[in-house]
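The values are calculated or read from the model by the stated rules, or taken from the named source; none is laboratory data. Fair warning: this is a prediction, and the values are worked out from it, not measured in the lab. Heads up, the Cβs are rebuilt from the backbone with ideal geometry, glycines too, and the neighbour counts pull from every protein chain shown.
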Amino acid sequence: MIHQHADVMAELENRVQFEVFIADCAARFTAVQLPSDLERQIELALRELAAFLRADRCVLLGGSPGEGVSWITCAAYADSVGPPFSEMNFSAAFPWHFKTLCGGERPLSVATVSLQQ
């Protein structure tokens, strides 16, 4: 019972930290005035998000839902892993994810994706 309480408290603390992180990012975006500043803020947010999630990569994808192709618009990645893919057929590689993203049915979070090129 004590361990369950500690787990619940840790989960709540993580959620609060994440909400503070998101609020801080959103506040910085309100001050953006130039397109170059926007891209810089997106890349900073991706770096911070990757660090927060302890991920080696974090990307913002653009895409063409009709063609199933996506590409990276901004990325943050650890030096040890290098840049991620530049373009891929997202609908073929991840059909369920693609349908969920393009269908707008619900939010989608992908914790770990391993791609072999």
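Which of the residues spanning the range 16-61 are more than 23 Å from D79 (Cα to Cα) and outside any helix (DSSP H, G or I)?
Those that are more than 23 Å from D79 (Cα to Cα) and outside any helix (DSSP H, G or I): A31, V32, Q33, L34.
Considering only residues of the range 7-40 that are of a type in the set (V, I, T) and within 17 Å of the chain's Cα centre (by Cα), which is surrounded by the fewest Cβ atoms within 10 Å (Cβ to Cβ)? Before you say what the answer is, go through the steps one by one.
Here is the first cut: in the range 7-40, the ones of a type in the set (V, I, T) are 8, 16, 20, 22, 30, 32.
Narrowing the set further to residues that are within 17 Å of the chain's Cα centre (by Cα) leaves 20, 22.
Numbers: V20: 10, I22: 13.
In this case the residue turns out to be V20.
Check off (1) more than 26 Å from F98 (Cβ to Cβ); (2) touching an Asp or Glu at 6+ places or on another chain (Cβ under 7 Å) for V81 and give me the number that stays unchecked.
That leaves (1) as the condition not met.
Identify, by number, the condition in (1) surrounded by fewer than 16 Cβ atoms within 10 Å (Cβ to Cβ); (2) modelled with pLDDT of 85 or more; (3) in a strand (DSSP E or B); (4) small (G, A, S) that A76 doesn't meet.
(1)
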